[in-house]
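Step one of this worksheet: look at the structure below.
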Amino acid sequence: MKRRKIAVAAGFCVSFFLGTLMNLLFIPGFDHHQNHAERVHRFYRTQQQQQQRLADDTQLRIGDSDAAPAGNIEPTTTSQRQTDLQQQIQERYEEVLRYRGHHASWTGTGDPVRPLERRRLMDLAQRHSWDSNKGTEKSNSRLSHLAPMHSQPQRDLALNPGPDNGTQALGCSSIENVTSVQYLGSGYTKAVYKVVLNSSLAVALKSVDFGGHDMENCVKKYSSVEDCYRLASFKIVKEMTLMERLRHSNVLKLYGYCYQDSTEVADTVTAITELGSPLEMIQLLQTSWEERFRICLSLARLLHFLAHSPLGSVTLLDFRPRQFVLVQGELKVTDLDDASTGEATCSRPEDCIMEFPARSFILPCHRGHCLGISEKRNLYNAYRFFFTYLLPHSAPPTLRPLLDKIVNATGELIWGVDETLVHLEKVLHLYRTGLYLQNSTQRHRTGEYKRVPNASIAGDNYRCWPSYQHEGCLLSVFSVREAIDVCESHSQCRAFVMTNQTTWTGHQLAFFKTGSASLSSTPGKVAYLRLSD
């Protein structure tokens, strides 16, 4: 009996392990890009089978001589679905035109998709800043890593270079012979790839993920890969439009775009953008306070710009850390396809409720609009995803009261974006100028340390948190005085080395050491050796 129980328990454990392993291997979010072509072909086979069934059904209806008169025929389920899909395409088309400063016109007759095919997907309005130049058609070219379909002639569409860099816009010819292609991931709609252009410039390429959630659900419901692709592609078009209209240091740069005609879908669009590294919150919690503060300050500057943008107040409806990237330490928003402009309409305050998992807020209803709802929604999301985790922890003690005030005020929505940014800029000023050290209670004489110019200590490391280097204790300090305060606060510190490296605030990086046994000559660095216990 005992052996039987052990065997049953072992079998259960093995089954649980295998089930968990299968879930990890086949969970959709972990599908590698090499499987995308297989998923696309599955969609095409499904489409062909469904279209054949629809054609057979149509022939049966036509061949039925007893059919009711045409004027009395009720819309079939299929025609209703097609009408619904066309309506969705038109709505996204109008949204893009609205962001580009034009008004869409559709009388409700005809096919709204055909004009887009003739004018190309991005060429939505004539004589606009995004109007296309006549490109040179490329034949027999393909980018197999990005489009799992056989590529037909391509067309470059020129993009106005941004005023901030003045560089030539990139197009199809730029990504024709890319190297170091790396699949980064995909969401509901887009797949993102990292590629290297001309063996020097690394960029991100965004395209519709044929195996993604949006395409998969749409094809299952509407049985049209081409129309479903067009619906999904408008998210990329919208994102590129917003990147162009919302030019800011904390919005990802749009370098250009490309259209590739394929044998299956016309006008497949690829956006070429600045490359950033994804946010890993666990890693961010282990970085220095100075870098975490930089992220929060970048976010506040972004939200201030969005609250006063050329398009009005912009809301990031899908506000999560995964919608942002880091570019040389600066936070930038990368996903704008779910952004929205304008304030919600209302007739009473109860119409202006903002609900979050932990709490809800009721905002004033002023002249038929919820006052400041876009700005407040962005700000509270910044609080619950970023400020509460990144701002106060391991901050300089004299700055913590002000940082706690910022966190509490944004968590209660006492302040708006403008007030929040003013206080964060104040923290930056205090930190950058060293004024935060004036209230320090510790006082040490520099005579307690021996100064050794042009010297460094190779070994004698110990770990501290948070450090710029995992194998040692590397921190940023405003001055030698602050470095002495830090060394005095570490029981194992007996020396430190002021390097010639500075951070984004101008603070100097200093290595803190357990001793000076490995003291050596190093030009540009200064070692300080503790003389007393």
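The values are calculated or read from the model by the stated rules, or taken from the named source; none is laboratory data. It should be emphasised that the depicted structure is a prediction, and the values quoted were computed from it without experimental measurement. Using ideal geometry, Cβ is built from the backbone for each residue, glycine included, and neighbour counts are taken over all protein chains shown. With ligands, DNA and RNA removed, areas are computed over all heavy atoms of the protein, side chains included. Shrake-Rupley method; radii C 1.70, N 1.55, O 1.52, S 1.80 Å.
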| query | Just how much of residue 186 is accessible, in Å², when a 1.4 Å probe is used and the result is rounded to the nearest 10? | reply | 50
| task | Just read off the accessible area of residue 175 with the full protein assembly in place, 1.4 Å probe, to the nearest 10 Å². | result | 0
| Stretchable slack from residue 499 to residue 320, in nm (0.36 nm times residue separation minus alpha-carbon distance) | 60.7 nm
| query | To the nearest 10 square angstrom, how much accessible area does residue 415 have with a 1.4 angstrom probe? | reply | 30
| request: Considering the options 233, 257, 279, tell which one lies farthest towards the positive end of the dipole of segment 198-331, charges being +1 on Lys and Arg and -1 on Asp and Glu at the Cβ, about the Cα centre. | output: 279
| Between Rg and the Kirkwood Rh of segment 198-265, both from Cα atoms, what is the Rg to Rh ratio? | 1.05
| field | Qualifying GluC sites (Glu not before Pro) for segment 449-491 [loop in DSSP, other Cβ within 10 Å: at most 11] | value | 471
| note | With all protein chains present and a 1.4 Å probe, the order of 304, 423, 366 from largest accessible area down is 366, 304, 423
| message | A 20 angstrom limit on the alpha carbon distance is what I want to check against. Which of 190/332; 332/405; 238/332 exceed it? | response | 332/405
| message | I need the fraction of alpha carbon pairs in segment 398-533 separated by more than 17 Å, rounded to a whole percent. | response | 64
| task | Starting from the Cα gyration tensor of segment 255-387, take the square roots of the eigenvalues, sort them a ≥ b ≥ c, and report rounded, prolate or oblate (rounded when a/c is under 1.5, otherwise prolate if a/b is larger than b/c, else oblate). | result | oblate
